[in-house]
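The values are calculated or read from the model by the stated rules, or taken from the named source; none is laboratory data. This one's a predicted model, so the numbers in the text were calculated from it and none came from an experiment. Cβ placement follows ideal geometry from the backbone for every residue including glycine, while neighbour counts extend to all protein chains displayed. When the accessible area is computed, the model is the full protein with side chains, heavy atoms only, and any ligands, DNA or RNA have been set aside. Shrake-Rupley method; radii C 1.70, N 1.55, O 1.52, S 1.80 Å.
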2 protein chains.
Amino acid sequence: MNERITIAVDAMGSDACPTAEVEGAILAAQEHDVRVLLCGPEERLRAELRAAGGNGLPIEVVHAPDVITMEDSAGKAMRAKRDSSIHVAARQVREGNAAGVISAGNTGACMAIVKTILGLVPGVKRPALAQVFPTLEGTWSVLVDVGANVDASPEMLAQFAAMGEIYSRVICHCAQPRVGILSIGEEDHKGNELTKLAAPMIRQLPVEFIGNVEGNDLYSGKADVIVCDGFTGNVALKVSEGLVATIKAMLRQSLEKTLQAKIGAVLARDAFEDFRKRVDYTEYGGAPLLGVKGVCLISHGKSNSNAIKNAIRVAAELSRGRINQRIEETLHESLKVTSPVSA
Amino acid sequence: MNERITIAVDAMGSDACPTAEVEGAILAAQEHDVRVLLCGPEERLRAELRAAGGNGLPIEVVHAPDVITMEDSAGKAMRAKRDSSIHVAARQVREGNAAGVISAGNTGACMAIVKTILGLVPGVKRPALAQVFPTLEGTWSVLVDVGANVDASPEMLAQFAAMGEIYSRVICHCAQPRVGILSIGEEDHKGNELTKLAAPMIRQLPVEFIGNVEGNDLYSGKADVIVCDGFTGNVALKVSEGLVATIKAMLRQSLEKTLQAKIGAVLARDAFEDFRKRVDYTEYGGAPLLGVKGVCLISHGKSNSNAIKNAIRVAAELSRGRINQRIEETLHESLKVTSPVSA
């Protein structure tokens, strides 16, 4: 039987905080075998928890008086708000009270604070954000990095490959992940300086490397893990989010143009719900910050209770899967292609 | 009254060549006031043209014995196949027989050949590929560059801004295009080295610069012109294409799951057709290679006759809009931010 994992939740991160976090914690505690530490203003969280029917569940409140906003710069948030909900949540992991931390707050500030408080897995140069995309094949593809390192080096891309491959095994249950580099053509000679230098380094790692893949392969299922610098990955992620929102809105407009289309839309309601679930990012929890000690997931600011629940579940699975130990082992095996410096 | 514009068409470029090109030329000659020079194997093109009912229209065949395939490298195609359909089509422009050229062939080979044969507009350092995206507001946003320059300099991004702005005026009929840099956050300090160095250069151009925009803004309508390096732009374009195809397939699967959903889908058929048109890239022709003398549009390899027709129409509009003269004037005005070298 699995041991019960404890996850610390920054309760003041999402746009709908703390309601989304409190309700998400309740759902996670009810549906999964996890214990939750809700970090934020104690009085307010206790009242919300009581009102939402959370008493009696394995959920505890840990007081954190400060709140970081989207307007705070990462540096200012880190230094001036040492008792923010994300600081307190990360410290729960450092002090051994929780196995992982999740936040739907300001991504830059979260990354900086978590990295500083938890430190890096030995051998890791830079942590990287990973994001899961649903593919047409029914599998998931993992894109690393989606925003932690805007100017990445070839060595960093090789480390992203190693970390993403383990994430794919643990979370997507992929037995033999195929790893590709995001580029602008399949042939080896197509790409920019970064991708051309990174390819031979990834080829030396103990992973199944399939070479270059293209933007459309995020959804084709051709690769299970796709690596890129954080700038390109963030653009790819946000283009996807923007396009899904746009297509939904355009489809809604088209379906409301005539009475006949409206009736059709009502009849097809279950199909639209099924479709919505398949393209809805909240079903996949948050983006893990791979390479930090402990486990950290950063969720979308627009997260609802379902997204928070899923982030808590994924954080617990990462912890059970001993992801950091495996990252450390893989990087140790491939020391020849990675710099032995830990930042 | 408009003069009749002549456009040279590489008839052997698309996956469905030469049928898509021949039928596209016929549609363009029927619907728009253009004359078409179809370049490719003479006998075959004449037979296709006759069979498709193209006789009597302002369409001429220009013989080109060689054909470049997707497997040919740009260098090999340029040197070894000097009488390819794209070589011959580009020469029609250089020799003054046509105002512009379009091709749905191998993008790398097309760009190299057209650039060599036509040369660059004075002041332009590098040509750039632009792509139009439909926005939720009903406007079009232009992304430059989507693949011509994988490792771009800040100066190049500034030139892309100047060229894209004029393209938006001429083709999207935008009276005062708002120009943004594709980045990973709205604030000036967010971005990579390239975007941070390019921003002050674009600020000095005679364009309305709105600073950083994000991936989702390709579809939000917030900017009319968005500049980026060709690597990032190509990834953004292909992620979009892949996601549109994936969403269509997932929606089809969901709509076929139950009888009720199937009936709903039939009733909503017109709405789906309306939606399909709004997200269908073929409605927007091809991607212009901005900065070359004459006009060049590169269409998707999967182009059908409708896409070819639209590419011919857009090429004629660019020529009527004197796009190159305007690019030259803008770059001349802003010489202080652009290197005076023409490649």
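Plainly put, the tip 7 Å out from Cα toward Cβ on residue A:82 is 7.5 nm from that tip on each other copy, the closest given first.
For residue A:94, the label point sits 7 Å beyond Cα toward Cβ; its separations from the matching points on the remaining copies run 6.6 nm, from shortest to longest. A Förster distance of 41 Å, applied to the separation of the beta-carbon atoms of residue B:203 and residue B:116, puts the FRET efficiency at 0.75. Seen from every direction in turn and averaged, the convex hull around the alpha carbons of the protein assembly as shown projects onto 32.2 nm².
When Rg and the Kirkwood radius Rh are both evaluated on Cα atoms of segment B:128-282, their ratio Rg/Rh stands at 1.08. Dividing the alpha-carbon radius of gyration of segment B:208-343 by the rule-of-thumb value 2.2 N^0.38 Å gives 1.38. By accessible area, using a 1.4 Å probe on protein heavy atoms only, segment B:1-108 has 45% of its surface on carbon and sulfur. Ranked by solvent-accessible area (1.4 Å probe, protein heavy atoms only, all chains present), the residues A:87, B:32 order from largest to smallest as B:32, A:87. Based on DSSP H segments of at least four residues, each scored -39500 (n - 2.57), chain A has a per-residue ellipticity at 222 nm of -14500 deg cm²/dmol. Counted over all Cα-Cα pairs of segment B:3-162, pairs farther apart than 22 Å make up 48 percent.
Across the alpha-carbon set of segment B:103-188, the Rg to Rh ratio works out to 0.98, Rh being the Kirkwood radius.
Buried surface for the A/B pair, taken as the accessible area of each chain alone minus that of the pair with a 1.4 Å probe, is close to 4800 Å² in total.
A straight line joining the Cα centroids of segment A:269-331 and segment A:38-100 runs 19 Å. The figure for residue A:266 is an accessible area of roughly 80 square angstrom, using a 1.4 Å probe on the protein chains alone.
Computed on chain B, with alpha-carbon pairs under 8 angstrom and 6+ residues apart, the relative contact order is 24 percent.
Both radii were evaluated on the Cα set of segment B:1-69; the Rg over Rh quotient, with Rh as the Kirkwood radius, amounts to 0.96. Ligands, DNA and RNA left out, the accessible area of segment B:134-243 computed with a 1.4 Å probe is 49% carbon and sulfur. Given a 1.4 Å probe and the protein chains as shown, residue A:140 ends up with an accessible area of around 80 Å².
In nanometers and ordered shortest first, the copy-to-copy spacing of the residue B:53 label point, defined 7 Å from Cα toward Cβ, is 6.6. Solvent-accessible area per residue in the protein assembly as shown equals 38 Å², computed with a 1.4 angstrom probe and all protein chains kept. Comparing B:124, B:146, B:235 in a Gaussian network model of chain B (Cα springs below 10 Å), the most mobile by mean-square fluctuation is B:235. Dividing the mean sequence gap of close Cα pairs (under 8 Å, 6+ apart) by how many residues segment B:3-48 holds gives a relative contact order of 48 percent. The accessible-area ordering, largest first, of the residues A:76, B:81, A:302 stands as A:302, A:76, B:81, per a 1.4 angstrom probe. What is the local net charge at residue B:230, summed over the other residues whose Cβ is closer than 11 Å to its Cβ (Lys, Arg +1; Asp, Glu -1)? Counting the neighbours of residue B:230, the net charge comes to -2. Residue B:189 contributes about 120 Å² of solvent-accessible surface, heavy atoms of the protein only, 1.4 Å probe. For residue B:293, the residues 5 or more places off, or on other chains, whose built amide H falls under 5 Å of its own are B:119, B:120, B:121. From the P(r) of chain A, could you give the percentage of C-alpha pairs in the tail past 33 Å? Value for chain A: 29 percent of Cα pairs lie more than 33 Å apart.
Listed cross-link partners A:190/B:76; A:222/B:248; A:302/B:257; A:248/B:190; B:248/B:302 are compared with a 20 Å cut-off, the Cα-Cα value being larger for A:302/B:257; A:248/B:190.
How many angstrom lie between the C-alpha centres of segment B:1-27 and segment A:163-232? Segment B:1-27 and segment A:163-232 have Cα centres separated by 38 Å.
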